[in-house]
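Visitor: Shown below is the structure under consideration.
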Amino acid sequence: MPLDPGPAHVLVVEDEPKLAALLADYLRAAGHAVECVADGHAALQAWSDRRHDLVLLDLMLPGLDGLSLCRQLRAQTSVPIVILTARDDEADRLAGLELGADDYIPKTPFSPREVMARVKAVLRRSRATQLPADATVGMAGTAPLLVDEQGWRASWRGAALDLTPNEFRLLRTLAAQPGRVYERPQLLDLLQGDGRAATERAVDSHIKNLRRKLEQAGAGGERIRSVYGVGYCYEA
Ligand code: CA
């Protein structure tokens, strides 16, 4: 996996124009494309118009506050979210992380370099769970699973697996790193379109269906191993 996650589209949600401009300057200097919005509703609109790779989110916003925005984004996407907080308020930070933010950065003292370092680290983590474009898992003859990232298709020894988007997301992530155990909350973040009621049980039920489909294709049911009390891992 490359150390530099490469350029990204970043959505900056910040109502202080000077700070927004400063963040945008630094992000652009690092090669990223930047869109700035000043309130939560504009952020939701911007997000649905253009699925950014990362959201940099101020907590204190007019209208829809940052925590509510974080919750609403998480209900529809697993995009990395980095929270900026002016107050050194542990309760706010914890609330943000519990709502699914990936990291938080204090605004005081404000260090653009730290922001850039965190952005890079979060992008790297997020991309480590994705395969590079056109990647296949394993080599022909050694691993029979083929995941076509761009075509949203997977096959087992040439037999197409008829997967739902959520099953594909789970398989793509698990199979990208055989032997790595993913926790249920991490896998839950991958699921989309299940609405806010999606729980860790939804992960279990998608995994169950995924196993059945792998089994029907001749893969055997134990390719996706349960790790009791933790989550799941793909066995190469
Ligand atoms: Ca603010």
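Rule-based calculations on the coordinates, nothing more; no lab input. Everything numeric in this text was worked out from a predicted model, so none of it was measured. Positions of Cβ are generated from backbone atoms using ideal geometry, with glycine treated the same way; all protein chains shown enter the neighbour counts.
Visitor: Label ARG201 and ALA86 with points 7 Å out from Cα along Cα→Cβ: what is the distance between them in nm?
Guide: About 4.2 nm, to one decimal.
Visitor: Lys/Arg Cβ at +1, Asp/Glu Cβ at -1, dipole of the chain taken about the Cα centre: which of PRO178, PRO80, ALA202 is farthest positive-ward?
Guide: With unit charges placed on the Cβ atoms, the residue in question is PRO178.
Visitor: Residue by residue, what Karplus-based ³J(HN,Hα) values in Hz, rounded to whole numbers, does segment 157-165 have, using 6.51, -1.76 and 1.60 with θ = phi - 60° and x for Gly and Pro?
Guide: 6, x, 8, 5, 9, 8, 9, 6, x
Visitor: Charges at C-beta only: +1 for Lys and Arg, -1 for Asp and Glu. How large is the resulting dipole of segment 9-127 about its Cα centre, in Debye rounded to 20?
Guide: Dipole size: approximately 560 debye.
Visitor: Roughly how many debye, to the nearest 20, is the charge dipole of the chain about its Cα centre, given +1 on each Lys and Arg Cβ, -1 on each Asp and Glu Cβ, and no other charges?
Guide: 840
Visitor: Now a separate question. So if I average 1/r over every pair of distinct C-alpha atoms in segment 9-127 and take the inverse, what Kirkwood radius in Å does that give?
Guide: 13.9
Visitor: Tell me which of LEU27, GLY96, VAL12 sits at the most positive position along the dipole axis of segment 9-127, charges placed on C-beta atoms (Lys, Arg +1; Asp, Glu -1).
Guide: LEU27
Visitor: Taking θ as phi - 60°, what are the ³J(HN,Hα) couplings along segment 43-56 by the Karplus curve (6.51, -1.76, 1.60), each to the nearest whole Hz, with x for Gly and Pro?
Guide: Along segment 43-56, the couplings run 5, 4, 4, 4, 4, 6, 6, 9, 5, 6, 8, 7, 10, 9 Hz.
Visitor: Nothing charged except the Cβ atoms of Lys and Arg (+1) and of Asp and Glu (-1): what's the magnitude of the dipole of segment 139-234 about its Cα centre? Round to the nearest 20 debye.
Guide: 140
Visitor: Still on this structure: Mind listing which trypsin sites (Lys or Arg not before Pro) in segment 152-236 are in a DSSP loop and have 16 or fewer other Cβ atoms within 10 Å?
Guide: ARG157, ARG180, ARG196
Visitor: What's the longest uninterrupted piece of the chain once you rule out the chymotrypsin sites (Phe, Trp or Tyr not before Pro) that are loop residues per DSSP with at most 13 other Cβ within 10 Å?
Guide: Longest run free of exposed loop sites: 1-151.
Visitor: Then there is this: Can you list residues from other chains, or at least 5 along the same chain, whose modelled amide H is less than 5 Å from the amide H of VAL34?
Guide: Counting only residues 5 or more places away or on other chains, the set is VAL10.
Visitor: Full-extension gain between ASP65 and SER48, please, as 0.36 nm times their residue separation minus the C-alpha to C-alpha distance.
Guide: So the chain would gain 4.3 nm between ASP65 and SER48.
Visitor: Direction-averaged shadow area of the convex hull around the Cα atoms of the chain, nm²?
Guide: Average projection, Cα convex hull of the chain: 13.2 nm².
Visitor: While we're here: At q = 0.13, 0.24 Å⁻¹, what is the log10 ratio I(q)/I(0) for segment 139-234, with the Debye formula run over Cα points and no solvent?
Guide: For the requested q values the scattering log ratios are -0.40, -1.39.
Visitor: Using only DSSP helix segments of four residues or longer, with each worth -39500 (n - 2.57), what per-residue ellipticity at 222 nm results for the chain after dividing by its residue count and rounding to 500?
Guide: -12000 deg cm²/dmol
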